[in-house]
Amino acid sequence: MTERLHMSLNLIMLGPPGAGKGTQSERFALSRGIPKISTGDMLRVAVHDGTEIGLRAKAIMDRGELVSDEVMIGIVRDRLGRPDALNGFILDGFPRTVAQATALDEIMTGRGPLIVVDIVVPEAELVRRLSTRMICEDCGHNAALGPGDAGERCAICGGKLVQRTDDSEAVVLERLKVYRANTKPLVDFYRARPTFRSVDGAQAPDRVAADLAAAIAAAGSGRGARVPGVSDLAGGVR
Ligand code: ADP
Ligand code: ZN
C-alpha cells in the first residue's frame, strides 16, 4: 500500500477534439497536484511568443493538420524530463499518432505504467461544442461561452476570451477527419492494456469528472472490471 502511495500517476487522455480532455485534465491535475501537459496549449504559447516552432506550427494548426511527430516527440520528451513531471503528469493531446505512442512507451521505460483514459463523445455533440467554445488568449483556459459572451474575461487570469482560430466549422471538420485517421487507431493500440479505461464524455462536466476519477482509481489499483461497452455507446465516435 505504501508502495502504491509513492507510485507516480502517469495519465494520458485520449478522445476526439471537443471531448473535454482539456477541461477534465485541468480539473484532475489541480486536484492531484500533478502538472497538466497539453501539447495544444504548448503550441499555442509558442505561436503567441513567435518562437521558431510556433512560426512553423501556426499554419499547420490553422488547417487542422498535425505538427510532425519528430517535433512533437521532442517537445514532450523535454517536458516529461522536467522535475515536476517525475512524480506524475496528465498528458492532453499527446500521443496523437501511433508513432508518438510508441515513442512515449520508450520515454516511459522504467517510470511506471501509463494509465490511458479514452473520453467518448458522439460526433454531432463535438461539432456543437467546438463551434461555441471560447479560450483565454493568455492562459489557454477553456470557457463554454457563445460568441455573444465575447466581452467576458477569463475566470482564471482575467485574460481576454477569443474563439480559437481552428474552431471554425471547416477546420473542425478537418480536425475530426484527422482524428479518425490518425488518433482513433490509438484506442486499439492501448485497449488490451490492463490500465486502459473508457469514460462517457457526453454528460455534465461534474459527472464526467466523477467517472474519470473512478476509472483512474480502478486502473491504478489494477482492480475493478473494465466497464464493458462504454466505448460502444450508441452514436459514439467511430
Ligand atoms: P483539440 O481541441 O483538437 O484537442 P489541441 O488544442 O490539443 O486541439 O491541439 C490543437 C492543434 O495543435 C492540433 O489540431 C494540431 O495541429 C496541433 N497538435 C497538438 N498536439 C499535437 C500532437 N501531439 N501531434 C501533432 N499535432 C498536435
Ligand atoms: Zn486566462
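No value in this document is a laboratory result; all are computed from the given coordinates. Source: prediction; values computed, not measured. Methodologically, a virtual Cβ is constructed for each residue, glycine included, from the backbone with ideal geometry; neighbour enumeration extends over all protein chains shown.
Just a few scattered comments:
- Cross-link reach list, lysines versus K36, counting only Cα pairs under 16 Å and skipping chain neighbours closer than eight places: K21
- Kirkwood Rh and Cα Rg combined as Rg over Rh, evaluated for region 26-120: 0.96
- Dividing the C-alpha radius of gyration of the chain by 2.2 N^0.38 Å, with N its residue count, gives 0.98.
- GNM remark for the chain: springs join alpha carbons under 10 Å apart, and the peak mean-square fluctuation among D167, D118, D69 falls on D69.
- For the chain: relative contact order, % (alpha-carbon pairs under 8 angstrom, 6 or more apart): 27 percent
- Förster radius 30 Å - calculated FRET efficiency between A170 and M7, Cβ distance, rounded to 0.05: 0.10
- For the peptides 211-219, 87-95, the ranking by packing is 87-95, 211-219, with the highest mean count of neighbouring Cβ atoms within 10 Å listed first.
- Sum of side-chain charges, G64 neighbourhood, beta-carbon under 9 Å (Lys, Arg +1; Asp, Glu -1): -1
- Each other residue within a Cβ distance under 13 Å of R128 adds +1 if Lys or Arg and -1 if Asp or Glu, for a net charge of -2.
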